[in-house]
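Encoded as structure tokens, the structure appears first; notes follow it.
The values are calculated or read from the model by the stated rules, or taken from the named source; none is laboratory data. Everything numeric here is computed off the predicted structure, so don't read it as measured data. Counting neighbours? That spans all protein chains shown, and the Cβs are built from the backbone with ideal geometry, glycine included.
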Amino acid sequence: MKLLFYAVATLSVSAVPAVSFAQSSEPLTRAQVIAELIEVENAGFHPALVDYVEYPGNLQAAEARIAAKQAKNIPTPTANGSSQ
């Protein structure tokens, strides 16, 4: 019984890094990070003028404005049922 317990414990501990590694995505490039910062600044968030009391809310509001803008730019599929 102890052997079964140790085997299950060992397998579960060794599986955790594999699962967490599988969920990671490609790292962002420097150009992508700069583009995202510019986009957030254009949406109204300015990191140099951060009010630390309102910081998370201000950033989330800017990200919500970006998401709303991107949602407007996504073309909707036509419902006529034709294929190309």
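Observations on the structure shown:
- Pairs where the first residue, in the range 25-52, is on the phi > 0 side of the Ramachandran plot and the second is of a type in the set (D, E, K, R) and assigned to a helix (DSSP H, G or I), C-beta under 9 Å, 6+ apart: GLY44/ARG65
- Enumerated helices (runs of 4 or more DSSP H) restricted to the chain, each holding at least 1 residues that are surrounded by 10 or more Cβ atoms within 10 Å (Cβ to Cβ) and at pLDDT 85 or above: 30-42, 55-73
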